[in-house]
Amino acid sequence: MSTDNTSILLVYTGGTIGMIENPVTGALENFSFAQLKKHVPELQKFSFNIDSCQFDKPMDSSDMDAKAWRRLVDIIVQNYDRYTGFVVLHGTDTMAFTASALSFMLRGLTKPVILTGSQLPIGVIRTDGKENLLTSLEIAAAHRPDGEPMVQEVCVYFENKLMRGNRTTKLNAEDFNAFRSYNYPDLATVGIHIRYNQNAIHYDEVKTPLEVHTEMDTSVAILKLFPGIQEMVVSSVLSIEGLKGVVLETYGSGNAPRKDWLIDCLSEATRRGVVIVNVTQCKSGMVDMDRYETGYQLKSAGVLSGYDITTEAALTKLMFLFGQGLSVEEVRQGMMHSIVGEISML
Ligand code: ASP
């Protein structure tokens, strides 16, 4: 923990963590930061400064969208020079999407942006929110021996693990241990000590000014394959007017049924300029379209490999690249390369 000029901005967007049970109705309601201090008196024990701000109407993360991401980015950018790090309290349901989106929208970070939340409200005795909040703050305030922030990227901290934000997925609706980074090592593990995995944390060799991208083009869709999927389902999705990008969730190492109609639908869409990215439905591992005929046919139809990217990162990356007004070819190129560590390249 640092005792120097460290100052953290805590941003409350909404979600279970900031809720309390109404003693009369028993329903969960959002509460304010003043109440947060009451429920987490430990906050006063930190030797660094913590300021806070919140969305004027805290939102359930199911309501998150590109506009809310922009709001969050604006808060961070407006306060970037004044604070040494940022902790964002967020609902767990779409936290992996927000973390992925922020990683593309805030390029060249030299400070930590740590998202956290909880499964039980902070006003409940057995809450997991307290530990998640306090440890996130401690990580956001941590420095390397050379004085630089220990973490300089968008992360999710949840139940003893600090993870690269754009590698995370919510995997459990009930357990405290609710997030995983299946295809990338954890950035830190927390027990008695906080053990940072500095080989996995991203540090820019050459520091560049923060690059902010607030335009996200949401003309995208996710299409999940399943045994028995009908042509009408695939063709309806691919013919949505204005559709620019699709995350195609396939089986195993990127395989799809060997149906002529499927390949025809996909080929026709890619010829029209729809960027289709192949992401596996498996939690871990990588798409390899050269492995089986059932994958190779997708490649021939112009479908791109998402390698080991998550659906959350692939979708928000499409929004980000199209949001920059890039050509279809430029978006295709961008999807095949890692921008902020979202893909492990071979
Ligand atoms: N529905 C809540 C949300 O995502 C759940 C949570 O915070 O865990 O906002």
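Leu326 to Ala173: extension gain in nm, 0.36 nm per residue of separation minus the Cα-Cα distance?
Values: separation 153, 0.36 × 153 = 55.08 nm, distance 3.70 nm.
Extra length available between Leu326 and Ala173 comes to 51.4 nm.
Give me the dipole magnitude in Debye, nearest 20, for region 44-119 about the Cα centre, with unit charges on the beta carbon: positive for Lys and Arg, negative for Asp and Glu. Could you put the intermediate results ahead of the total?
Values: 8 positive and 8 negative charges, 53 e Å.
The calculation lands at about 260 debye.
Starting from 0.36 nm per residue, how many nanometres of slack lie between Trp261 and Ser62 once their C-alpha separation is accounted for?
Working: separation 199, 0.36 × 199 = 71.64 nm, distance 3.44 nm.
Full extension of this stretch gives 68.2 nm more.
Which FRET efficiency, nearest 0.05, do Asn160 and Ser344 yield, Cβ-Cβ r, R0 25 Å? Display every interim value, and only then the final one.
On the way: r = 23 Å, r/R0 = 0.92.
Approximately 0.60, to the nearest 0.05.
Mind listing the long-range amide H neighbours of Leu10? Cut-off is under 5 Å, sequence gap 5 or more, other chains count too, H placed in the peptide plane at 1.01 Å from N.
HN-HN under 5 Å from Leu10: Asp51, Ser52, Cys53, Val87.
If you plug each phi of region 294-304 into the Karplus form 6.51 cos²θ - 1.76 cosθ + 1.60 with θ = phi - 60°, what whole-Hz ³J(HN,Hα) values come out, in order, with x for Gly and Pro?
Each residue of region 294-304 in turn: 5, x, 4, 4, 5, 4, 5, 7, x, 6, 8 Hz.
Using the C-alpha gyration tensor of region 252-319, what are the square roots of 5 times its eigenvalues, in whole angstrom, with the largest one first?
Equivalent ellipsoid semi-axes, largest first: 19, 16, 8 Å.
So how far apart, in nm, are the two label points at His193 and Arg144 if each is 7 Å from Cα heading toward Cβ?
1.8
Please report, in whole Å³, the volume per residue of the convex hull around the C-alpha atoms of region 73-219. Don't skip to the end; give the middle numbers.
On the way: hull volume 19.0 nm³, N = 147.
It comes to 129 Å³ per residue, whole-number rounded.
Report the one residue of Ile76, Leu89, Phe31 whose Cα lies farthest in the direction of the positive end of the charge dipole of region 23-114 (charges on C-beta: Lys and Arg +1, Asp and Glu -1; origin at the Cα centre).
Ile76
Just grab the label-to-label distance for Ile240 and Lys299, each label 7 Å out from Cα along the Cβ direction, in nm (one decimal).
2.8
Stokes-Einstein diffusion coefficient for the chain at 4 °C in a medium of 1.567 mPa s, Rh from the Kirkwood formula over Cα pairs: what value in µm²/s?
Working: Rh = 21.0 Å.
Estimated diffusion coefficient is 62 µm²/s.
Determine which lysines satisfy two conditions relative to Lys207: a Cα distance under 23 Å, and not lying fewer than 8 residues away in the same chain.
Lys111, Lys317
Taking the alpha-carbon distance from Lys299 and a cut-off under 16 Å, which lysines remain once sequence neighbours fewer than 8 residues away in the same chain are dropped?
Lys259
Once phi is turned into ³J(HN,Hα) by the Karplus curve 6.51 cos²θ - 1.76 cosθ + 1.60 with θ = phi - 60°, what whole-Hz value does each residue of region 171-176 show in order, with x for glycine and proline?
10, 9, 8, 10, 5, 5
So the label point goes 7 Å from the Cα of Lys45 along Cα→C-beta, right? Which residues of region 110-131 then have their backbone N under 15 Å from it?
Residues 130-131 qualify, since their backbone N sits under 15 Å from the label point.
Which order do the peptides 237-244, 155-162 take when ranked by the mean count of other beta-carbon atoms within 10 Å per residue, highest first?
On the way: 237-244: 13.8, 155-162: 25.2.
Peptide ranking by packing, descending: 155-162, 237-244.
Return one number: the angle in degrees, 0 to 90 and rounded to the nearest 10, between the long axis of the Cα atoms of helix 129-141 and the longest principal axis of the Cα atoms of the chain.
The answer is roughly 90 degrees.
What spacing in nm lies between the two simple spin-label points modelled at Asp81 and Glu29, each 7 Å away from Cα in the Cβ direction?
Here the answer is 4.1 nm between the modelled labels.
Per q in 0.12, 0.20, 0.22 Å⁻¹, report the Debye log10 I(q)/I(0) for region 213-346, using one uniform scatterer on each alpha carbon and no solvent.
Ignoring solvent entirely, the Cα scatterers give -0.40, -1.18, -1.43.
Give me the percent of DSSP beta bridges within region 104-184 that run antiparallel, rounded to the nearest 5.
Expressed as a percentage, antiparallel bridges in region 104-184 total about 75.
Is the shape of region 41-129 rounded, prolate or oblate, going by the alpha carbon gyration tensor and its root eigenvalues a ≥ b ≥ c, with a/c under 1.5 for rounded and a/b larger than b/c for prolate? Each step should come with its number before you reach the end.
Numbers: a/c = 1.86, a/b = 1.12, b/c = 1.66.
Note, shape of region 41-129 comes out oblate.
Every read-out reported here was derived from the displayed coordinates using simple, explicitly stated rules and does not represent laboratory data. Because the structure is predicted, anything quoted here is derived from the model rather than measured. Here the Cβ is made from the backbone with ideal geometry for all residues, glycine too, and neighbour counts use every protein chain on show.
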